[in-house]
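The values are calculated or read from the model by the stated rules, or taken from the named source; none is laboratory data. Everything numeric in this text was worked out from a predicted model, so none of it was measured. Don't worry about glycine lacking a Cβ; one is built from the backbone with ideal geometry, like all the others, and counts go over all protein chains shown. In case anyone asks, the SASA skips ligands and DNA or RNA and just uses the protein heavy atoms, side chains included. Shrake-Rupley method; radii C 1.70, N 1.55, O 1.52, S 1.80 Å.
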Amino acid sequence: FLCLGCRDTIGQYDACGLVSPQLPEALLQERDKQAKWHGIPALLQRLYASSHLNSDFAQTHTVLKELSSLLSMEAMSFVTEDRKTVQESSFPITYTFDLFGGVDVSCRSYMPIMYSRELNDELVKDCLSVLYNCCICTEGVTKNLAARDDFVLFLFTLMTNKKTFLQTATLIEDILGVKKEMIQLQGIPNLSDLVQSFDQQQLANFCRILSVTISEPDVGNDDKHTLLAKNAQLKRNISPSCAEVNQVTLLNIPGFIERLCKLATRKVSEATGTSNFLQELEDWYTWLDDALVLDALMLMATDEADHSNPGTFLLTMGSSPLRHRLPQSMKMVHEIMYKVEVLYVLCVLLMGRHRNQVHKMLAEFRLIPGLNNLFDKLIWRKYTSSNHIVHGQNENCDCSPEISFKIQFLRLLQSFSDHHENKYLLLNTQELNELSAISQKANIPEVEALANTDRRASVVMSSLPGVWCARAVESFLRGATSYADQMFLLRRGLLEHILFCIIDSGCKSRDVLQSYFDLLGELMKFNFDAFKRFNEYVNTEEKFQMFLTQINSSLVDSNMLVRCIVLSLDRFESQTENMRVVEVLSECSLLSYIARVENRLSFLFRLISIINVQTLTQENVSCLNTSLVILMLARRRGKLPFYLNALREKEYAEKYPGCLLNNFHNLLRFWQHHYLNKDKDSTCLENSSCIPFSFWKETVSVLLGQDRTSLCAITNYIDEPYMDLDQDLLQD
């Protein structure tokens, strides 16, 4: 291989891998022609030689322009040719640049260049262009840059210049996306001053970078990220994570949250109208899913780009006819995509350790009222163009900027509402009065948080992406059950809509069904009016069997609904003095089904069977808690021994004695280890079940009792030969 031959024969490579200036020029030119290196080695020699503090940077700039022009052509090809991967397409220029140490010499040369007093914006743009184009086309270049902590921190200092901000931010975003270790924001020089110097557009763009630095790494669903593994990791890592530290760093920047709120609620320009907006958007679709492309297009649209040098940055495309075809409504899309990033940052902060502080700030800066005004005017509009075809023929497609914006907004509502009294800020005065009237009519006290809410912040909950709408509304209902909240939503036909989606729509998506089941459970819990409405909708045996089929298709997804029905049945059976309750108990097919002991036992068997300690995750631990609810209610009625004996008989009938009960015993030991940890918040279990947490703990202790003669201890029902309790299971 020619370049390796040079390395072995001449021995003229320095530490960065570049052919040294002493290599004979004639030999280099001869090999260049044979190997089709496009003059890259010679250009790198010249770059290295001219990139010292006392060098003539005019010559450096000339070299960089040549390199940038060569590399940008391949980068443009990569972006436009159906997004082919590196393995599917060949990029010889970029490959040669990397092979001859181009990335190393660039990093070594750029810092003297950018610290020079003779620095000019175009020189910096070309420096960044060369690196970014390599990142696009050559596998491993981005990771190479990400490993250079000093260079990454140095890049942040370049963001103070508005003319080079876009290129710098885009390169940083790509680098942080592959960096193995999360960067610490407090290590960025003068971060607070830097952020405060940004204009609103720069701050929105900066949020794309921040999203990588404040989000906990995606842990996936494999066995390394089970609850058992997570608990062990928490024991080892007592200190806050890097993401948590970064969140605190941002919250301590004066005015940061206030500026995000203003940016999120800033009016989207509608000067050009929106009648043709979606049709224009369809024509530009392959470009819009790359934020860099959109930013570059906006530069062209506002005449801020340097059109004299197409190589300055791969997508400025000053001479391209695309510039003249740029739809005016692109400005609206530009603003929408920025808002998506801002809302994401706010969502992450709302779910962090300092949630209450963030909640207080969002209320102070009136985020929700501002978003209400914005979304009422823009997002929930129904477009009437009959010719428009939604991309992918899917109304929930994440690719559409409009849908992405909706979904991120709903995520924010979900985070904002979840177990927090500020959820009533989402309602306007008329809706708050309606809730108060419902409570008064039912002769129940008004929720304190509702009585203290006087801010206007309503949202429109119709025509939204189903799964995210369901999650947002479910988070509004989650917590201590509120009859008024339930009736408020029941009056709007929400229960019937959910049942249609579960029974009549043919939905098979587990994620969507889980969202609907969870919402249905919160909507119906302890509410006999809801069960009456259920019976009116599910009015045939065919519909009822379809409903049961959907529940039984995956108990991991539907067990929260099963828990709701079991708890509601128990509550109703204690209210037989109320004739309306008696009527629902006698007529509702769902309550009658759960009232049969054999059906409750069937659910219990399956809930215990589908999980074990090694496979418990945040997604399926609810199955353990639902099985506990069934047994707690049995214990209240003195029937716990009956249920435990039924589990034992089930084991023998299935010819695996000890298996089910040993597994359940280990699960309950994990439950103690997990929920009795001082860092765990037990109020969620208590609020969702209306069962005091003390009774949860007491029931688990009784079930794990070591007295083998106790009729309420699991060990009493495991014959000695089949006793197989893993004593080391929870040991680190």
Just grab the label-to-label distance for K267 and L153, each label 7 Å out from Cα along the Cβ direction, in nm (one decimal). 4.4 nm
What residues of region 347-361 lie in the reach of a label at L191, counting those whose backbone N is under 15 Å from a point 7 Å from the Cα along Cα→Cβ? 349
Given 345-352, 687-694, the highest-first ranking by average Cβ count within 10 Å works out to 345-352, 687-694
Got a sec? Charge dipole of region 125-165, +1 on Cβ for Lys and Arg, -1 for Asp and Glu; which of V130, T142, F165 is way out at the positive end? F165
Sorted peptide list for 65-74, 607-616, 570-579, criterion being average Cβ within 10 angstrom, highest first: 65-74, 607-616, 570-579
Between N599 and V245, what length comes free when the chain is fully extended (0.36 nm per residue of separation minus the Cα-Cα distance, one decimal in nm)? 122.6 nm
What's the extension gain from Q430 to K33 if we count 0.36 nm per residue and subtract their Cα-Cα distance? 135.1 nm
Where does region 585-732 land on the Kirkwood hydrodynamic radius, alpha-carbon pairs, in angstrom? 16.1 Å
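Of K532/K639; K230/K655; K230/K532; K525/K697; K36/K162, which ones are farther than 32 Å apart at the Cα? Don't skip to the end; give the middle numbers.
On the way: K532/K639 29 Å; K230/K655 34 Å; K230/K532 42 Å; K525/K697 23 Å; K36/K162 38 Å.
The pairs that break the limit, which is 32 Å between Cα atoms, are K230/K655; K230/K532; K36/K162.
Give, in nm to one decimal, the length gained when the segment between H354 and T709 is fully stretched (0.36 nm per residue of separation minus the Cα-Cα distance).
Numbers: separation 355, 0.36 × 355 = 127.80 nm, distance 4.83 nm.
In short, 123.0 nm is gained.
Could you order peptides 240-249, 512-521 by the average number of other Cβ atoms within 10 Å of their residues, highest first?
512-521, 240-249
Can you classify region 500-639 as rounded, prolate or oblate using the Cα gyration tensor, where a ≥ b ≥ c are the square roots of its eigenvalues, rounded means a/c under 1.5, and otherwise it's prolate if a/b beats b/c and oblate if not? It would help to have the intermediate numbers written out before the result.
Values: a/c = 1.95, a/b = 1.14, b/c = 1.70.
Since a/c reaches 1.5 but b/c is at least a/b, the shape of region 500-639 is classed as oblate.
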Of all accessible heavy-atom area on region 625-706, the percent that carbon and sulfur account for (1.4 Å): 48 percent
